[in-house]
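Let me begin by presenting the structure, written as structure tokens, before commenting on it.
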Amino acid sequence: MNVPLLADVAAEGKSIDILFWVGCAGSFDARAQKVTKAFARILNHVGVNYAILGEEELCTGDPARRAGNEFVFQMTALQNVETLNGYGVKKIVTACPHCFNTLKNEYPALGGSYEVIHHTQLLQELINTGKLKLKGGGTFKGKRITYHDSCYLGRVNRIYEAPRKVLEALDVELVEMKRCKSKGLCCGAGGAQMFKEDEPGNKRINAERVDEALNTGAKTIAANCPFCLTMLTDGVTAKGKEDTVEVYDLSELIADSLPPGQE
Amino acid sequence: MIQQVLFIVVTIVAFGWAIKQFGRIRSNIKLGAPETISGDTGTRWKNVLLVAFGQQKMFAQWKPALLHFFIYSAFLLTQVELIEILIDGFTGQHRMFAPLLGGFYTFVISFIEILSLLALIATVVFILRRTIFKRDRFNKPEMKGWPSKDGLLILAGEVVLIAAIFTMNGTDILLQELDPEHFPDTGNLAVSSILGPALFGSLSQNTLVILERVGWWLHLLTVYAFLNYLPISKHLHIALAFPNAYFSRLRPRGEMENMPDIMNEVKSMMGLIEEEEPPEGEELPEFGAKDVFDLSWKTLLDAYSCTECGRCTAACPANLTGKKLSPRKVMMDIRDRLEVVSTTRASQSAEQKAAPYDDGKSLFDSITPEELHACTACQACVEACPVLINPLEPILAMRRYEVLTESSGPSDWIPMFNSIENSGAVWQVGDARDAWTKD
């Protein structure tokens, strides 16, 4: 897959319009890698002038900071700020709401100010401006889909409409869960929970959320965050519904509905 | 004359004691760590107007919001009537505004009466919700004992207050006909003109005069009792919701407070800034929050502003799935600890007061690591709070203490920390970061 590295682009003396921040999950997690590839396919398809950092990208530090480890956060974040400022990066897109939040809201205090958007916002923009056209009667047309707001895109950064507009463009039947938008229920991964066992309780949070999603009767759950993707997929599997219910990132739904063309 | 003297004495005592109590709350809040909260006064006043005064966030659940609004607006407007009571009390007059304002007086008092009736209905519904229907969020473990009694006590006080108003006004209506010289005409009052004759119509003039005074004094004394009850009750929110809305943090929701000391230390490690020699013999710095003194004064104001409604806990994914964490309990524990600290301090000698406070206890005695570790930082609690309290702030500050000062915390997190530090990724992976581009 042809994905430009910022170091190569800069070496040629060229500049980019936007940096694609892949994140740890998008880089290493097998399931999230599929999302990364789907999103890169869309960027290539539209012809966006972008690049990735590759080996120069480090964890933004979000889970370390929320776990309470400010030292580790500062170490990784300050290195990232050095790298980003070194390349003179102005605009960043990422498919991870945690990276999105940290880059957008926490790096300015560390000396790194960029325009940061989430990939669902870029997708909406590309659809709105007509740069991204979907094939008629796409794979998901008319299908009943429910959308899970991730906490860090939704409630924390109040982005509720862009992902829904993207679903609208796919011509799907969107059914909302009772707890949606500002009242959306967490998948259970945030605050560094992703990296530890649950505290004692009577139910896993992802099971609670998947129950709610399945109650809508949807066979497809759309997400916007690699950690939600993992939690919801695990929840569906725990229910034994992995053969009938699928969990996708929005960019996968879009990539599946691209008209044939060069990638 | 005796009444006047009694009134002045009671009033001075009530206000004097209340001022002392509120002063204590104020100095308790100041025990918190300094944090500069300023700027954008426009947005701040907007928050006061919409969120505190207009109760905007309450209306996320419109049914309790409407009932609460009845009690709230009745309470606000009753204070107008209280102005007359105060003036009458000092000067020994009776309903001095009635002849002065005429029809407008009838309108204002009638308006208050209608709101009081609605407030009475709301109060009864609220009592039922707490006792018979046992709404889930009022019956969590942290509500056992005093907090539940506190809630019911206030509602009972509300019933007494409204009963006093209608006794006072209802008997007055009858007395206006029997003794117009001493009881100036108020016009037809919306509720009391019907309720008064129905309840008190058969009583003698003497009994009516006594009942009128009983109603008047009961009204006054309930208000004074209320004023002095506030500082030891969750009901303090009626006062503190306003400053709490004004001082609510305006930075982006997703931004955790930066720690400049650590940032600068890391910067100097990275050679980005000149290394500063730490002063000789100084103790190792402590990071994060162990006790109320380490929390921002704003968090302490948050704690005193909490009315224990439990919307935060009802929305908390950890609590919903049976984990120990309850954001409301965190706020209550902070307030209760602050109360213990201030009571202990008050009995200390000047010498002890000069030294850092130490009673061998801290917030960790009531807020356990298990609770702190269950938080997903999803901010559902922050979103749910009608008075802009941020329960996430102290939870994360206490996590910082655990990890940075105590080097404890969930052992599951250690590989994640090490991995970020050593390989720049949350997982220790052998692959290159851009391996996905190669297939």
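Against the test of being open to solvent by 10 Å² or more (accessible area, probe 1.4 Å), within 14 Å of chain A (Cβ to nearest Cβ) and under 23 Å from the mean Cα position of the chain (by Cα), the options B:ASP294, B:ASP261 yield a single qualifying residue, B:ASP294.
Examine the stretch A:90-107 for a residue that is buried (at least 19 other Cβ atoms within 10 Å of the Cβ), among the aromatic types (Phe, Trp, Tyr) and either under 13 Å from the mean Cα position of the chain (by Cα) or at pLDDT 95 or above (or both), and state whether such a residue exists. There is at least one residue in the stretch A:90-107 that is buried (at least 19 other Cβ atoms within 10 Å of the Cβ), among the aromatic types (Phe, Trp, Tyr) and either under 13 Å from the mean Cα position of the chain (by Cα) or at pLDDT 95 or above (or both).
Name every residue in the stretch B:160-210 that is β-branched (Val, Ile, Thr), out of contact with any Gly (no Cβ under 6 Å at 6 or more places or on another chain) and either surrounded by fewer than 12 Cβ atoms within 10 Å (Cβ to Cβ) or in contact (Cβ under 8 Å) with a residue 24 or more places away in the chain (or both), in order of residue number.
The first filter runs over the stretch B:160-210 and keeps only residues β-branched (Val, Ile, Thr), leaving B:160, B:162, B:165, B:167, B:171, B:173, B:186, B:191, B:194, B:207, B:209-210.
Filter once more, so that each one left must be out of contact with any Gly (no Cβ under 6 Å at 6 or more places or on another chain): B:160, B:162, B:165, B:171, B:186, B:191, B:194, B:207, B:209-210.
Hits for the stretch B:160-210 are B:VAL160, B:ILE162, B:ILE165, B:THR171, B:THR186, B:VAL191, B:VAL209.
Quick check on my filter: what residues within the stretch A:51-84 are in contact (Cβ under 8 Å) with a residue 40 or more places away in the chain, in a helix (DSSP H, G or I) and of a type outside the set (D, E, K, R)?
A:GLY54, A:PRO63, A:ALA64, A:ALA67, A:LEU84
Of the residues making up the stretch B:42-60, those that are open to solvent by less than 70 Å² (accessible area, probe 1.4 Å), touching a residue at least 12 places away in the same chain (Cβ under 8 Å) and under 20 Å from B:ALA384 (Cβ atoms) number 8.
The residues on offer are B:LEU86, B:LEU77, B:LEU6, and the sole one that is open to solvent by 70 Å² or more (accessible area, probe 1.4 Å) and part of a helix (DSSP H, G or I) is B:LEU6. Of all residues in the stretch A:1-42, those satisfying the criterion of being among the polar types (S, T, N, Q), assigned to a helix (DSSP H, G or I) and more than 18 Å from A:LEU123 (Cβ to Cβ) are A:SER27, A:GLN33.
Restricted to the stretch A:194-213, and to residues there that are crowded, with 24+ Cβ neighbours inside 10 Å and within 23 Å of B:CYS385 (Cα to Cα), the residue that is nearest to the other protein chains (Cβ to nearest Cβ) is A:ILE205. Note on the stretch A:150-185: residues that are closer than 29 Å to B:ALA314 by Cβ, in contact (Cβ under 8 Å) with a residue 60 or more places away in the chain and assigned to a loop (DSSP other than H, G, I, E, B) amount to 4. The set of residues from the stretch A:214-248 being more than 14 Å from chain B (Cβ to nearest Cβ) and crowded, with 24+ Cβ neighbours inside 10 Å comprises A:ILE221, A:ALA222, A:ALA223, A:ASN224, A:LEU229, A:VAL247.
Each residue in the stretch B:373-392 was checked for being under 29 Å from B:ALA52 (Cα atoms) and within 12 Å of chain A (Cβ to nearest Cβ), and 11 of them qualify. Contact annotation: residue pairs with Cβ atoms under 7 Å, 6 or more positions apart or on different chains, pairing a residue in the stretch A:1-18 that is open to solvent by 50 Å² or more (accessible area, probe 1.4 Å) with a partner that is basic (Lys, Arg), are A:MET1/A:LYS37; A:ASP17/A:LYS91. Inspection of the stretch B:357-378 identifies at least one residue that is free of Cβ contacts under 8 Å to residues at least 24 places away in the same chain, within 27 Å of A:VAL156 (Cβ to Cβ) and open to solvent by less than 30 Å² (accessible area, probe 1.4 Å). In the stretch B:403-421, what residues are in contact (Cβ under 8 Å) with a residue 60 or more places away in the chain and farther than 13 Å from A:ALA64 by Cα? Of everything in the stretch B:403-421, just one residue is in contact (Cβ under 8 Å) with a residue 60 or more places away in the chain and farther than 13 Å from A:ALA64 by Cα, namely B:THR405. Residues in the stretch B:96-118 that are open to solvent by less than 20 Å² (accessible area, probe 1.4 Å) and under 22 Å from B:ALA14 (Cβ atoms) were compared, and the one that is nearest to the other protein chains (Cβ to nearest Cβ) is B:SER116. Looking at B:GLY310, is it on the phi > 0 side of the Ramachandran plot, open to solvent by 10 Å² or more (accessible area, probe 1.4 Å) and either not assigned by TED's automatic domain parsing to the domain that holds B:LEU396 or not polar (S, T, N, Q) (or both)? No, not satisfied.
Just a yes or no: is a residue in the stretch B:338-346 open to solvent by less than 40 Å² (accessible area, probe 1.4 Å), within 14 Å of chain A (Cβ to nearest Cβ) and either under 18 Å from the mean Cα position of the chain (by Cα) or within 25 Å of B:PHE22 (Cβ to Cβ) (or both)? No, that holds for no residue. For the stretch A:145-180, the set of residues classified as over 16 Å from the mean Cα position of the chain (by Cα), within 14 Å of another protein chain (Cβ to nearest Cβ) and open to solvent by 10 Å² or more (accessible area, probe 1.4 Å) consists of A:LYS178, A:ARG179, A:CYS180, listed by residue number. Considering only residues that are open to solvent by less than 10 Å² (accessible area, probe 1.4 Å), facing chain B (nearest Cβ under 7 Å) and of a type in the set (A, V, I, L, M), which ones fall in the stretch A:35-64? Answer for the stretch A:35-64, where residues must be open to solvent by less than 10 Å² (accessible area, probe 1.4 Å), facing chain B (nearest Cβ under 7 Å) and of a type in the set (A, V, I, L, M): A:ILE52, A:ALA64.
The values are calculated or read from the model by the stated rules, or taken from the named source; none is laboratory data. Because the structure is predicted, anything quoted here is derived from the model rather than measured. Positions of Cβ are generated from backbone atoms using ideal geometry, with glycine treated the same way; all protein chains shown enter the neighbour counts. Surface areas here come from the heavy atoms of the whole protein model, side chains and all, with no ligands, DNA or RNA. Shrake-Rupley method; radii C 1.70, N 1.55, O 1.52, S 1.80 Å.
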